[in-house]
Amino acid sequence: MPPGGGGPMKDCEYSQISTHSSSPMESPHKKKKIAARRKWEVFPGRNKFFCNGRIMMARQTGVFYLTLILILVTSGLFFAFDCPYLAVKITPAIPVVGGILFFFVMGTLLRTSFSDPGVLPRATPDEAADLERQIDIANGTSSGGYRPPPRTKEVIINGQTVKLKYCFTCKIFRPPRASHCSLCDNCVERFDHHCPWVGNCVGKRNYRFFYMFILSLSFLTVFIFAFVITHVILRSQQTGFLNALKDSPASVLEAVVCFFSVWSIVGLSGFHTYLISSNQTTNEDIKGSWSNKRGKENYNPYSYGNIFTNCCVALCGPISPSLIDRRGYILPDTPQPAAPSNGMAAYGATQSQSDMAAATPLLQSEPSLTSDELHLPGKPGLGTPCASLTLGQPTPPSSMPNLSAEAVLTDILPLKEEHMGHQFLTPEEAPSPPRMLAGSPLAHSRTMHVLGLASQDALHEDSVRGLVKLSSV
């Protein structure tokens with residue numbers, strides 16, 4: 001114990017404070033177990049997930065169910081009413097071939113509808129902020145501008161210049177051939193189109209299954225239509241045409257559905273066969289991005305120049321893994337994707353953060369200064385009696401005289417004295433509205449409560465008007 005001590009020093013005990021408890025009254029030893037969430041539960045796009053994230057579809061699935069009903073009903077009627085007669089009269093191979101086509105159609109349809117089409121993950125807030133800084137540096141944008149810089153990049157692919165566009169929703173530069181789907185609200189790699197009949201986007205990871213679906217559906221539709229007509233003809237030879245229709249009314253319904261469907265399905269299959277042979281997407285073909293002739297200036301840089309090679313790449317190439325990891329668990333420190341915004345809002349947020357901080361000086365808490373620290377030469381002390389202050393007309397905000405920062409700082413720094421919970425200022429040090437509107441550093445302004453003995457109302461009104469105009473600046 002040091003000499004001169006007042007007594008024995010008591011031992012100090014420090015208790016560790018738990019910062020992880022949800023409430024101050026909760027014991028740190030009794031923590032509730034929070035169930036781990038998967039990424040599909042907080043997925044930012046407009047999608048539906050089933051089977052714990054294994055199935056991924058678009059939110060609009062009404063037309064998909066219509067497709068499912070048409071295929072199931074038409075095929076079911078064919079197997080129930082036509083196949084028994086055709087298997088006896090012609091060959092048992094007819095229902096076998098029809099069954100193989102039906103299961104192939106259903107398998108490719110479900111594979112197309114329930115899979116990830118190639119959704120690109122969105123940027124995290126840190127990645128988006130870093131990309132914004134890179135864009136500003138690359139374009140040489142000044143801090144005072146309001147016009148967003150151009151958000152494109154150019155890359156060379158097989159001698160052809162391709163522009164990479166910036167997505168304001170996903171906060172990324174989209175790779176070549178990628179596009180943002182407005183219905184699913186996702187950027188999809190090698191985006192072909194959004195197909196409501198399958199209830200999903202068609203992109204890099206499910207395009208081959210979509211093509212196999214429409215191609216096999218074309219064969220199934222033609223197969224059912226041809227053998228339904230054969231069934232009706234064989235029955236009409238025995239009992240007459242009208243009696244054949246009465247004996248098999250399901251065949252009439254099948255023939256009508258197949259007749260009106262076969263044209264669009266076969267035409268769609270032929271169109272996508274052309275796209276595969278030239279290594280194009282529906283999106284590129286509609287926009288007219290490329291020409292099939294290599295000699296032209298806008299030739300297709302993705303084509304291999306050979307129909308067989310293009311088909312093999314599209315149908316037999318490896319399937320890339322999903323990039324969104326929708327069934328993965330969310331870690332506590334995992335950053336979430338940045339919130340979508342338009343270009344002006346995103347650019348303004350990066351350019352005017354300091355201006356926004358300076359525009360709200362009254363919200364900033366700064367340390368108070370004593371009267372000795374604020375005593376300025378040429379200014380009266382605290383004991384000087386207050387004189388009356390004549391109020392004038394308010395000065396419009398547009399009149400802003402150019403004063404130096406030192407003069408303005410001398411005029412706006414208040415003198416503080418603790419007396420009955422109020423701060424007193426002399427009339428000479430009360431802020432004047434014209435001087436308050438000068439281009440002074442707003443970050444050094446303070447809240448001033450003016451209370452005089454002889455001119456309390458006048459000083460208070462003058463100070464408040466000056467602060468209001470300062471905030472409007």
| query | With respect to Val266, is the statement that it is among the hydrophobic types (A, V, I, L, M, F, W, C), buried (at least 16 other Cβ atoms within 10 Å of the Cβ) and under 30 Å from Tyr85 (Cβ atoms) true? | reply | yes
| Considering only region 298-315, how many residues are in contact (Cβ under 8 Å) with a residue 60 or more places away in the chain and assigned to a helix (DSSP H, G or I)? | 2
| remark: The residue from Ser277, Ser289, Ser251 that alone is surrounded by 12 or more Cβ atoms within 10 Å (Cβ to Cβ), among the polar types (S, T, N, Q) and not in a helix (DSSP H, G or I) is Ser289
| field | Within region 59-178, helices (runs of 4 or more DSSP H) holding 3 or more residues that are closer than 30 Å to Asp247 by Cβ and out of contact with any Pro (no Cβ under 8 Å at 6 or more places or on another chain) | value | 62-77, 83-89, 93-113
| task | For region 218-248, enumerate the residues that are part of a helix (DSSP H, G or I), of a type in the set (Gly, Ala, Ser) and free of Cβ contacts under 8 Å to residues at least 12 places away in the same chain. | result | Ala226, Ser236
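Which residues, counting only those in region 261-316, are of a type in the set (Lys, Arg) and more than 15 Å from His193 (Cα to Cα)? Walk me through how you get there before you give the answer.
At the first step, the residues of region 261-316 found to be of a type in the set (Lys, Arg) are 287, 293-294, 296.
Those that are of a type in the set (Lys, Arg) and more than 15 Å from His193 (Cα to Cα): Lys293, Arg294, Lys296.
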| Among the numbered criteria (1) open to solvent by less than 40 Å² (accessible area, probe 1.4 Å); (2) at pLDDT below 95, which single criterion is violated by Ile71? | (2)
| message | If a residue must be open to solvent by 30 Å² or more (accessible area, probe 1.4 Å), out of contact with any Lys or Arg (no Cβ under 9 Å at 6 or more places or on another chain) and not small (Gly, Ala, Ser), how many such residues does region 79-97 contain? | response | 11
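The values are calculated or read from the model by the stated rules, or taken from the named source; none is laboratory data. No experiment lies behind these values; they were computed from the predicted model shown. Backbone-built Cβ (ideal geometry, glycine too); neighbour counts: all protein chains shown. The accessibility values were calculated without ligands, DNA or RNA, using every heavy atom of the protein model including side chains. Shrake-Rupley method; radii C 1.70, N 1.55, O 1.52, S 1.80 Å.
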